[in-house]
Amino acid sequence: MFSIEDCQVIQSSLDNLLSLKRLHDAGYRVSDMGCWVTDYAFENMGGDIFMMATERLFGACAEEEGEDGSYDIRKFVILCPDVEELLGVFTNEWVERQLRCNKRVVCDWTGAEMIIELKKMGFIVEIHESPSYFNQFIQELIQIRKLLDRLLVYAQYLKGNRGARYAAFYCEV
């Protein structure tokens, strides 16, 4: 018989595996991202797949220290030079509309939510309530990365980059 804790470990481990699969299917290398098996008894020996995935997608990610309070909030700062480049060409409001930022994503299984806010240096990601499952949030970040790449091609096209002219014809902006 499995205990409740054993079932949570299995579900969390399978969520990590699904998160890695989503990254792999999107074309990112996952072989060096560590073990996907979670074990709460040893303080999550599988590592934080969400943090590693965010770093893989955008470059640099750091978790801010939590504030004392009754509401559980994890805040991540994602430094993304691509956002700075876009904001040099387009307005903040236009980029937010295109990336569909300032959005709220609610986890289907736990009710936890992720709020994404566009900043000049990248993104601020807040996760309210501690989710056990991050794959839905990682999928959303993958979609934002894809949209960001399309917008970068469009920005290069507008700047007159000849190679981007041909690529822009295949992008739906």
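The values are calculated or read from the model by the stated rules, or taken from the named source; none is laboratory data. Values in this document were obtained by computation on a predicted structure and should not be read as measured data. Glycine also receives a Cβ, built like all others from the backbone with ideal geometry; neighbour counts cover every protein chain displayed. Surface areas here come from the heavy atoms of the whole protein model, side chains and all, with no ligands, DNA or RNA. Shrake-Rupley method; radii C 1.70, N 1.55, O 1.52, S 1.80 Å.
Might you tell me the accessible area per residue for region 1-160, computed with a 1.4 Å probe and given in Å²? It would help to have the intermediate numbers written out before the result.
Working: 9050 Å² over 160 residues.
With the other protein chains kept in place, region 1-160 gives 57 Å² per residue.
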For GLU113, what residues show an amide H to amide H distance below 5 Å, using hydrogens built from the backbone and excluding near sequence neighbours? CYS107, HIS128
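Out of the GluC sites (Glu not before Pro) in region 68-145, which ones are loop residues according to DSSP with at most 12 other C-beta atoms within 10 Å? Don't skip to the answer; put the middle values down first.
Values: sites: GLU84, GLU85, GLU93, GLU96, GLU113, GLU117, GLU126, GLU129, GLU140; in loops: GLU129.
Loop-located and lightly packed - none at all.
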Multiply the residue separation of GLU126 and THR91 by 0.36 nm, subtract the distance between their alpha-carbon atoms, and state the gained length in nm to one decimal. 10.3 nm
